[in-house]
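Every read-out reported here was derived from the displayed coordinates using simple, explicitly stated rules and does not represent laboratory data. The structure presented is a predicted model; accordingly, all values stated were derived computationally and were not measured. Methodologically, a virtual Cβ is constructed for each residue, glycine included, from the backbone with ideal geometry; neighbour enumeration extends over all protein chains shown.
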Amino acid sequence: MHRIELACFPAEPWSRASLAEELHRPGIVALVADDDDGVAGFALGLAAPRLTAADQAADLSKPVQVFILLGQSNMVGLGKVTGPDGSLDFAVKNKKKYPHLVDASGNWSERTDVRNVRVMVGRSGGMQLFNNEFLKVTGKTMGPEYGIGHPLGDAVEAPVMLLKSCIGNRSLGWDLLPPGSERYVFEGKVYAGYKDRPDTWPADAAKGTGTTPPPWVDKAGKPIEWYAGKQYDDDTANAKKVLADLGKYYPGAKAYEVAGFFFWQGEKDGGNAGHAAKYEENLVRFIKQLRKDFAAPDAKFVLATLGEATKGSTGNGGKILEAQLAVDGATGKYPEFKGNVATVYANPLSKGGSGNSHYNGNAETYMDVGEAMGKAMVELLKRK
């Protein structure tokens, strides 16, 4: 797409032949008005790239629209940026996919209306910052953020921030368990409620969920500090730290609104029958609690299923898929989610890969799932 910058000339007659000679130059374009006697007037100009929304800085008089990305390792991102077939670089340069990711010179383009921020709990327990820049392909690995960010940036007429706060190998039934979750008994074990530890312990038949958990200590006898829901607390706390210092993470911004959440998770729960059985209940509470904790009752929520899970499948993976599909507002199972929660069925986009194998690092899976999630969010945002 191009715009044309024109210089206009008076209507002094020119012959078509002389004008044709002048215009026979690379990059010259013209608008010509003529009559039977010759050329009455014309305009000359050079074709120049048209500025798109992606090229222009956002209007910072508007509140930043914040979208918080949560989950485990595939949301963190293990898609390969460089390398042979399967990398993002190969997909763009050799397969000619995702042309919006590069500029006219073939370099990674930058969206100056979408901010990309990623934080994670560090080994010391504090917040570790990984990304704080406008959306542009960087580093060796990627998650779904590049797929998510472009549809949002194109559709939202305000500054956008993608705020990713997550870490790998975390389950919804334990690490990300939201506040308010209660203990339950499954196959003779008590499963932890929010802030309980350890994750399970033998149930007394008479006491049920009232069975006292045993001390949880390491080999040296030191109490283990982890508890049910600690990752939820850490991830939300880190996101709030970013928002509390908005100008550091979106220079010039004065205000924000949490407009939506993205969630891609479930692999670890699939390895635990007790967590898989409770996944739907936990997911419903997770959605509601996030909106409460960020004072964003109208924030939209988009999640993606595990790529290896197919509709109608059984086992733990089938239970998780069924739960993820059930919360989509279009199903009607949860009327309060109508028009504000959407599920992306990722299997057709997974290229035969699985979440536990991180889709073999295939960047196209991360891009395609991300784009589907971003477009789903755009559709939800249209429904006020």
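Observations
- Convex hull volume per residue in cubic angstrom - Cα atoms of segment 166-303: 131 Å³
- What the Cα atoms of segment 203-263 give is an Rg and a Dmax of 19.9, 60 Å.
- Against the rule of thumb 2.2 N^0.38 Å, how large the Cα Rg of the chain comes out: 1.25
- Cα-based Lys proximity count in segment 198-260, under 29 Å, for pairs eight or more positions apart or on separate chains: 11
- Kirkwood radius, segment 148-187, all distinct C-alpha pairs, inverse of mean reciprocal distance: 13.8 Å.
- A convex hull fitted to the Cα coordinates of segment 296-384 yields 101 cubic angstrom per residue.
- Folded to 0 to 90 degrees: helix 363-381 orientation relative to the chain principal axis, Cα: 90 degrees
- Evaluated at q = 0.13 Å⁻¹, the base-10 log of the normalised Debye intensity for segment 81-212, with identical point scatterers placed on the Cα atoms, takes the values -0.73.
- Between helix 145-155 and the chain: long-axis angle, C-alpha atoms, 0 to 90°, nearest 10: 60 degrees
- Peptide packing for 331-340, 375-384, 266-275, 59-68 was compared via the average number of neighbouring C-beta atoms within 10 Å per residue; ordered from the highest value, the list is 266-275, 59-68, 375-384, 331-340.
- The Kirkwood radius of segment 47-140, taken over pairs of alpha-carbon atoms, gives through the Stokes-Einstein law at 25 °C and 0.890 mPa s a diffusion coefficient of 157 µm² s⁻¹.
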